[in-house]
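Read-outs throughout are calculated quantities, based only on the coordinates presented, and are distinct from any laboratory measurement. Every value quoted in this text rests on a predicted model; they were computed, and no experiment measured them. Positions of Cβ are generated from backbone atoms using ideal geometry, with glycine treated the same way; all protein chains shown enter the neighbour counts.
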Amino acid sequence: MSPEAACDHGPGAGAARPTSLDARLEWARAQDAADVLAPLRSRFALPRGADGRPLLYFCGHSLGLAPIAARAMIASDIEDWERLGVLGHEHPRSAWIGYADRLQQSLAELTGARPHEVVAMNSLSVNLHLLLASFYRPSGRRRAILIEAGAFSSDRYAAASHISWHGFDPELELIELAPRAGEDLIRIEDIEARIAAEGPRLALVLWPGVQYRTGQLFDLGRITRAAHAVHCGAGFDLAHAIGNVPLALHADDADFAVWCSYKYLNAGPGAIGGAFVHERHLQRGELPRLTGWWGHDRGTRFEMSPTFAPAHGAAAWAVSNPPILSAAPLRASLPLFAEAGIAALRRKSLALTAYMALLVAELAGQRLVVITPGDPAQRGCQLSLRIASGAEHGLQLYQALSARGVVCDWREPDVIRLAPVPLYNSFEDVLRGVWTLCELLPQQC
Ligand SMILES: Cc1ncc(COP(=O)(O)O)c(C=O)c1O
């Protein structure tokens with residue numbers, strides 16, 4: 001159902017709106033009953049509280065839930081290891097040698113890429129370093145990297161360290177664009193204007209797909225076009241975007257992107273990450289790359305030649321053989337995306353998040369501020385909330401929510417993040433979560 005429909009029949013339905021939890025539950029349950037994606041919830045393990053009841057889980061932006069089938073996928077690789085030992089690398093059943101290659105098609109669909117433009121490898125920050133090694137090529141005056149002020153710490157560390165690695169000063173060459181005074185979100189026109197203004201100094205724009213603290217979704221095509229207009233590259237951190245919103249990296253002409261798989265891809269703690277390199281760059285012999293044997297051409301990798309011959313595609317950036325046990329859960333999770341379709345998941349996501357936003361507005365009023373964009377086109381599923389009475393109350397509220405079985409998280413200095421995930425969250429979850437939140441809110445602020 002659409003967010004508009006949620007407005008028409010849900011908590012924003014004006015004078016006819018129900019006021020008791022029971023009356024609202026009736027509405028939410030009717031949405032769940034009509035939701036064709038609702039059965040997918042049963043394909044996930046739902047964490048339970050001490051009383052054995054499922055927790056209200058809104059933390060897919062941090063660690064996605066375990067697909068029930070993940071255990072069997074890991075177990076089958078362990079069994080193969082037990083039964084086959086090293087022979088498992090080539091045995092048709094396990095075929096670990098081609099394991100990462102078999103994930104390419106699904107990852108390409110989720111990122112809007114061609115299969116040879118994506119690779120499952122390492123983890124996010126490592127992949128960012130590998131791609132910065134190739135795509136941050138300072139020369140002459142052009143040596144700055146533009147990032148957002150308040151970028152995820154690891155991204156900032158990575159960008160600053162590459163600037164230092166090249167012998168420059170991050171104080172001078174790391175440009176951080178902040179929202180306008182008094183605002184939480186960065187306006188797309190400000191990003192474009194800053195790129196245009198800094199143009200001759202810029203070597204790279206490094207931007208998130210979805211901002212981790214605010215939940216703001218950016219237009220990657222517009223950012224890329226602005227960067228390319230000043231002859232600089234554009235790379236993206238998709239940690240909070242992949243599996244959350246449809247992506248079109250190839251059509252958007254992004255130069256590179258990196259991601260992790262433990263959030264919306266539900267592949268488990270520390271799971272294998274991934275990367276995208278646009279095919280425009282794949283034949284560029286002059287592009288430097290940090291290399292290892294797993295990036296070598298597959299056909300001749302085991303000849304152990306002293307000379308590196310790159311594999312076709314983004315796979316050339318793979319350095320080591322992939323961690324099979326941390327990739328195995330993707331074999332359980334990715335088929336669920338294919339089954340549901342990312343477009344259908346996005347439709348449900350828009351409705352769930354709109355419902356959450358409406359409930360917050362109606363039940364909390366001025367006591368909570370949603371800092372995530374109100375425009376659904378500028379957000380994924382996450383909503384970031386700030387309590388009007390101050391950060392101290394916000395932290396207490398977050399702790400009280402945890403004690404009441406609502407799993408969300410707190411990001412310094414003052415934000416509570418909640419993400420209703422369309423693969424496994426229901427309208428009833430959203431209602432119960434926001435109801436509990438509002439019960440715990442101080443009455444005055
Ligand atoms: C936006 C963002 N970037 C980078 C990272 C770091 O990921 P990793 O520890 O997998 O390198 C995270 C982790 O949550 C993240 O949310």
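Structural remarks
- Size of charge dipole - the stretch 89-245 - debye, nearest 20, with Cβ of Lys, Arg +1 and Asp, Glu -1, no other charges: 320
- Prolate/oblate/rounded label for the chain (Cα gyration tensor, a/c 1.5): oblate
- Distance between the stretch 366-427 and the stretch 91-119 - C-alpha centres, whole angstrom: 34
- Note: relative contact order over the stretch 239-322, using C-alpha pairs below 8 Å and six or more positions apart, is 24 percent.
- Normalised contact order of the chain, rounded percent, pairs of Cα under 8 Å and 6 or more residues apart: 23
- Label positions at Ala181 and Ala196, each projected 7 Å from the Cα along the C-beta direction, are separated by 2.4 nm.
- Antiparallel bridge percentage (DSSP; both residues within the chain; nearest 5): 55
- Of the residues Gly199, Gly233, Gly140, the one that moves most in a GNM of the chain with alpha-carbon contacts below 10 Å is Gly140.
- Across the stretch 23-145, the mean sequence separation of Cα contacts (distance under 8 Å, 6 or more residues apart), normalised by length, yields a relative contact order of 11 percent.
- Modelled spin labels at Arg137 and His166, positioned 7 Å past Cα toward Cβ, are 1.1 nm from each other.
- Three-way shape call for the stretch 209-290 based on the alpha-carbon gyration tensor, with the a/c threshold at 1.5: oblate
- Computed from the Cβ-Cβ distance with R0 of 35 Å, the FRET efficiency linking Val230 to Ser305 stands at 0.30.
- Three-way shape call for the stretch 54-155 based on the alpha-carbon gyration tensor, with the a/c threshold at 1.5: oblate
- Calculated FRET efficiency for the pair Ser320/Cys438, C-beta based, R₀ 41 Å, to 0.05: 0.25
- Exposed GluC sites (Glu not before Pro) absent: longest stretch of the chain, with sites in DSSP loops and at most 13 other Cβ within 10 Å deemed exposed: 287-445
- Principal-axis tilt of helix 153-165 within the chain, Cα atoms, nearest 10 degrees: 30
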